[in-house]
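For reference, the structure discussed in these notes is given below.
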Amino acid sequence: MTRDIVLRVIGKILIPYALVFALYVQFHGDYGPGGGFQAGVVVAAAVIFYGIIFGLAAARRAVPEPLVESLLALGVLLYAGVGVAGILLGGNYLDYFVLDHDPVHGQLRGIFWVEAGVGITVSGVMLKIFYLFAGRGRDLEEG
Amino acid sequence: MIETGAVAALLALMAAAAVAVVRQRNLFAVVVIGGIYSFLMATALAALDAADVAMTEAAVGAGVSTVLLLGALHLVGSLEVKPSSGAALPLAIVLVAGLLVVYGTYGLPAFSDPQAPIHRHVAPRYLVEGPKETGVPNVVTAVLASYRGFDTLGEVTVVFTAGVGVIALLRRRRRPGGEGRP
């Protein structure tokens, strides 16, 4: 944990905005630049920033590792699940037209969940890699 | 016109950063200059109106990978060992490969040429029909998530596989009662 008060204060101010910006990038990707990948990376960067300033243990308390590992798989399952939902509703794999009575609404729904899946997996993978790298150095120091 | 000048200035700064990375022996400085390089790249991409890629480059290239490289430096120490052989052969290979790549760009269509093949194949259909068919005004999102949904599923699977691979390599198994060994 850093003792630098400037970093700690700036971090506390900026991290919530980074997370909100990630949500904006995720859910406004239909209209503006961005989408699941960018949003997932920004979420991961915000938590990594938190981990650098307040220590790895604090980051692990805020976003526990079992959660990160579940997110990593959950996103892909969500994406693939949207495809299976298309089959169950009588279409082809990853066919969004059948997801709603109105084909255009079905497209919007499919894109929404698929992008959510991308964001979840990307943020999970980035965070997990950070935890592994940072944790490895720490463990070696102690051992 | 201003954009061309800005991109040229950014590319010149990136070239300077690349030379600095090569000449620098302190790896901590190399990682920091690498982050600066990524930020310059992100700015150049933003100037080229590629906002999505610029965002990704700023977050991944300058942010996350800089942190990961610093984490790696923490493990291996931050002074580069002096190379045992001379720089002549690697420099020659890099120059030849670089010139080949530059030569290859002469076969590409001019930048943002509307007559380029890539803009005349399926792109017009996406631009015209995309908003009507998907209801999504941002064509990039429509193409990525809907028209090219299978490709994106593959990409996400690649990211997932990379994450699982890193977990498999770096996770330390803790034996009951014993010290964890890498």
**Request:** Convert each backbone phi in the stretch B:98-111 into a coupling constant with the Karplus relation 6.51 cos²θ - 1.76 cosθ + 1.60 (shift: θ = phi - 60°), then list the ³J(HN,Hα) values in order as whole Hz, x for Gly and Pro.
**Result:** x, 5, 4, 5, 4, 4, x, 5, 5, x, 7, x, 4, 4
**Request:** With a probe of 1.4 Å, find how much accessible area chain A has per residue, and write the answer as a whole number in Å².
**Result:** 49 Å²
**Message:** Normalised by the empirical 2.2 N^0.38 Å for globular proteins, what value does the Cα Rg of the protein assembly as shown take?
**Reply:** 1.14
**Asked** How much length, in nm to one decimal, is gained on full extension between B:Tyr103 and B:Glu3, taken as 0.36 nm per residue of separation minus their Cα-Cα distance?
**Response** 33.6 nm
**Prompt:** With chain B treated as a Gaussian network of Cα nodes joined by springs under 10 Å, which of B:Thr134, B:Thr157, B:Thr43 yields the largest mean-square fluctuation?
**Reply:** B:Thr157
**Label point distance in nm, B:Thr157-B:Leu13, each placed 7 Å from Cα along Cα→Cβ** = 4.1 nm
**Request:** Find the all-direction average of the projected area of the Cα convex hull for the stretch B:113-173, expressing the result in square nanometres with one decimal place.
**Result:** 6.2 nm²
**Request:** In whole Hz, with x marking every Gly and Pro, tabulate ³J(HN,Hα) for the stretch B:150-156 from phi via Karplus 6.51 cos²θ - 1.76 cosθ + 1.60, θ = phi - 60°.
**Result:** 5, 4, 5, 4, x, 4, 5
**Asked** How much FRET efficiency would the formula 1/(1 + (r/R0)^6) give for B:His119 and B:Phe150, where r is the Cβ-Cβ distance and R0 is 25 Å, rounded to 0.05?
**Response** 0.65
**Asked** So what is the 222 nm mean residue ellipticity for chain B from helices alone, if each DSSP H run of at least 4 adds -39500 (n - 2.57) and you divide by all residues, rounding to the nearest 500 deg cm²/dmol?
**Response** -20500 deg cm²/dmol
**Item:** Stokes-Einstein D (µm²/s) once Rh is taken as the Kirkwood radius of chain B over alpha-carbon pairs, at 37 °C in 0.692 mPa s
**Value:** 158 µm²/s
**Asked** What list of ³J(HN,Hα) couplings, whole Hz, do you get for the stretch B:63-72 from phi and the Karplus terms 6.51, -1.76, 1.60, once you set θ to phi - 60° and write x for glycine and proline?
**Response** x, 5, 6, 4, 4, 5, 5, 5, x, 5
**Asked** Over chain B, what relative contact order in percent results from Cα pairs under 8 Å that are six or more residues apart?
**Response** 12 percent
**Message:** Considering all alpha-carbon pairs of the stretch A:1-123, what whole percent are spaced by more than 18 angstrom?
**Reply:** 59 percent
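The values are calculated or read from the model by the stated rules, or taken from the named source; none is laboratory data. Given the structure is predicted, the values throughout are model-derived calculations rather than measurements. For neighbour counting, all protein chains shown are included, and Cβ atoms are generated from backbone atoms with ideal geometry for every residue, glycine included. Ligands, DNA and RNA are stripped out before the accessible areas are found, and what is left, the full protein with its side chains, is counted by its heavy atoms. Shrake-Rupley method; radii C 1.70, N 1.55, O 1.52, S 1.80 Å.
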